[in-house]
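Undergrad: Structure below; questions to follow.
Bear in mind that the values in this text are calculations on the coordinates, not laboratory data. All figures in this text were calculated on a predicted structure; none of them were measured in a lab. As a convention, Cβ positions derive from the backbone with ideal geometry for all residues, glycine included, and neighbour counts pool all protein chains shown.
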Amino acid sequence: MLNGLKRILAAGTSGLMLLSALAVAGAGTVNAETAAGALEPDVFNIVALGDSITAGYEPGMTDPNTKPYGYAERLLEQGWYRGRASLANYGILGLKTAGLRNYTGAISTGASITAEGIQAGLLDPRISQFAAQTSKVKTELQAADLITITIGGNDVSSLFLNVGKLADPDFQTQLEQRLADYTVNVKATLENLRAVNPQATIILADQYQPAPRIALGANYTKLMDAAARMTAAADSVVASVNREEAPVLVAHVAERFAGAEGGLTHIIGVGDPDFHPTQFGYEEIARVFTKVQWGEYRTPAVPVMIPSTGPMSIVVKGVELNTPNKPIVRNGQNFLALRDVLNAVGATGKWDSKTSSATVIYGSRTVVIKMGSKVMKVNGKEFAISTPAFLHKVGKEDKTYLPLAALATGLGFDVKYSAKLRTAFINP
C-alpha cells in the first residue's frame with residue numbers, strides 16, 4: 001500500500017508533465033463580431049495563484065490541445081452567472097509556500113526574479129515565463145476583485161510519503177516544522193498581496209489529504225490528523241490578516257474530501273495513481289470557493305452530460321432562459337427567436353415584413369438584422385456577421401431567429417460560452 005502511496009505523492013513534485021495549454025486565461029468565448037463604442041464595462045476580475053491544483057492539472061495532460069478545466073475555470077463560470085468576469089491563472093506545478101512567497105514578494109516590490117529565484121528545480125515548463133511576467137501579474141492583481149490561492153501540498157508531500165517509515169515522535173516533529181514554515185510563508189504571501197491590492201477579497205484553500213483509508217491502513221488517521229492541523233494553521237494565519245474592509249477567508253476544501261478521497265482524487269485509477277483531483281474533485285473545490293465568495297453554486301438546468309446535439313442553456317443577466325422556442329445552433333453559432341431575445345435582454349424591437357428585417361433597440365443602440373444577410377447595422381454602421389438570421393417554423397408559425405452572439409455584442413453585451421456546461425452567458 002505504501003509503495004502505491006509513494007508513486008502518488010511523488011507525482012506531485014517530480015512526475016508532472018504540463019501541457020502548453022495550461023493557459024493564463026479562462027474558458028473560451030463565443031466568436032462574435034465586436035461593435036465598438038460602448039463604455040468600459042464593469043468586470044469581476046479573478047486572479048488564481050498557487051500550485052498544480054490552481055493550474056487544474058490532471059494526470060495524462062500531455063496533449064497540447066487539451067485545456068485544463070479545474071476549480072479556477074469553474075469559478076470563472078460562476079462569475080459569468082453573476083455578470084462579466086475574467087480569469088488570470090498563475091498556477092505553477094510543484095510550487096511550495098516558500099516559492100509562492102518569493103514570487104509574490106518580487107511582484108509586490110517590482111524586483112526582477114529568475115525561475116530559480118522563485119523555487120529551485122521546478123519542472124513547470126512555463127516557469128521562466130512566469131518569472132518574466134511579474135509586472136503583468138502585478139497589474140492584474142491590482143485590478144483583481146478576488147484572489148484565490150491553493151498551496152501547501154508540496155510542502156508536506158515527502159513527509160506524508162514517509163509516514164510508514166517514521167516513528168511517531170519523528171513524524172510529529174517534522175510536521176511541526178513544516179506547519180511553522182507554512183504559517184510564516186503563507187502570512188508573508190498574504191502581506192505581499194495586500195501591499196499590491198489593499199481591498200480585494202483573498203480566499204486561501206486548506207490542504208486536503210488525498211489518500212483513502214484503503215491505501216493507508218492504520219496511517220489514515222495519522223494523516224487525517226495532520227491535514228486537520230494544516231487546516232488549523234490556515235485558519236490561524238488568515239485570522240491574523242483578515243479585515244472587514246479587506247476580507248481574507250479560508251475555503252475549507254479538506255472536509256469535502258475526507259472519506260471521499262477515492263472518488264475525488266486520482267489515487268484509485270488506471271495506471272499509476274495520482275493525488276490530484278479528478279473532475280469530481282475540482283468540482284468540489286470550486287463549490288467551496290464559490291460558496292465562500294457568493295454563497296451559492298449554480299449549475300445549468302439542462303443536464304451537462306448530454307450529447308453535443310442536445311439542448312443548451314442561455315443565461316442572460318444571471319437568469320436562465322426558459323422558453324418553448326428552443327435555441328438553434330448553426331455553423332457553431334447560437335440563434336434565438338426574436339421575441340425571446342427581446343424579453344431576455346429587456347430590449348424593444350419590431351419585425352418589418354417588407355424588408356424582412358428585425359430591429360432591436362437597447363439603450364442608445366439600435367441593431368438591424370436582415371434575413372439571409374451577412375451584414376448587420378449598429379446605429380447605422382455595418383458590421384459583418386458569419387451566419388445570417390433566418391426564419392424557422394415552430395408549429396404553424398415562422399419564427400425569426402437571430403444570431404445571438406452578433407446581436408448581443410451589437411447591443412454592447414458580453415457573450416461567453418462554456419463548452420463544458422453547454423451554456424452561453426450574456427451580460428450587459
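Undergrad: Where the centroid of each part is defined by its Cα atoms, how far is the stretch 112-146 from the stretch 330-365 in Å?
TA: 45 Å
Undergrad: Of Thr221, Val253, Ala200, which is farthest on the positive side of the dipole of the chain, counting Cα position, with +1 on Lys and Arg Cβ, -1 on Asp and Glu Cβ, and the Cα centre as origin?
TA: Ala200
Undergrad: Shifting gears a bit: Report ³J(HN,Hα) in whole Hz for each residue of the stretch 374-388, in order, from the Karplus equation J = 6.51 cos²θ - 1.76 cosθ + 1.60 where θ = phi - 60°; Gly and Pro get x.
TA: Each residue of the stretch 374-388 in turn: 9, 10, 10, 10, 10, 6, x, 9, 8, 9, 6, 10, 6, 10, x Hz.
Undergrad: Also, quick follow-up: Using the Karplus curve 6.51 cos²θ - 1.76 cosθ + 1.60 with θ = phi - 60°, what ³J(HN,Hα) values do you get for each residue of the stretch 276-292, in whole Hz, with x for Gly and Pro?
TA: 5, x, 6, 4, 5, x, 5, 4, 5, 4, 4, 4, 5, 4, 5, 5, 5
Undergrad: Can you pull out the trypsin sites (Lys or Arg not before Pro) in the stretch 112-183 that DSSP calls coil and that have at most 13 other Cβ atoms within 10 Å?
TA: In loop regions of the stretch 112-183 (DSSP not H, G, I, E or B), the sparsely surrounded trypsin sites (Lys or Arg not before Pro) are Lys165.
Undergrad: Here's a follow-up. Here are several values of semi-axes √(5λ) of the Cα gyration tensor in Å: (i) 55, 21, 18; (ii) 46, 23, 18; (iii) 32, 29, 21. Which one was derived from the coordinates shown?
TA: (ii)
Undergrad: Moving to a separate point now. Which one of Val248, Val329, Val156 has the biggest mean-square fluctuation once the chain is modelled by GNM with Cα springs under 10 Å?
TA: Val329
Undergrad: Using a basic spin-label model with each label point 7 Å from the Cα along Cα→Cβ, how many nm lie between Glu382 and Val241?
TA: 5.6 nm
Undergrad: Continuing with the same structure: For the chain, modelled as a Gaussian network with Cα springs under 10 Å, which listed residue fluctuates most, Ala406, Ala254, Ala347?
TA: Ala347
Undergrad: Could you derive backbone 3J(HN,Hα) for the stretch 82-87 from the dihedral phi with the Karplus parameters 6.51, -1.76 and 1.60 (θ = phi - 60°), listing whole Hz in sequence and x where the residue is Gly or Pro?
TA: After applying 6.51 cos²θ - 1.76 cosθ + 1.60, I find 10, x, 6, 8, 9, 9 Hz.
Undergrad: At 0.36 nm per residue, minus the direct Cα-Cα distance, what do Ala419 and Asp398 gain on full extension? Give it in nm, one decimal, please.
TA: Working it through step by step, the gained length comes to 4.6 nm.
Undergrad: So, one more: Taking the simple approach of a point 7 Å from Cα along Cα-to-Cβ for both Leu391 and Asp168, what is their distance in nm?
TA: About 8.2 nm, to one decimal.
Undergrad: Shifting gears a bit: Where does the longest stretch of the chain lie that holds no GluC sites (Glu not before Pro) found in a DSSP loop with 13 or fewer other Cβ atoms within 10 Å?
TA: 1-243
Undergrad: Only bridges with both residues in the chain count here: give the DSSP antiparallel percent, nearest 5.
TA: So the antiparallel bridges in the chain amount to around 60 percent.
Undergrad: If you don't mind, there's one more thing I want to ask. When the dipole is taken about the Cα centre of the chain, and only Lys, Arg (+1) and Asp, Glu (-1) are charged at their Cβ, what size is it in debye, to the nearest 20?
TA: 1580 debye
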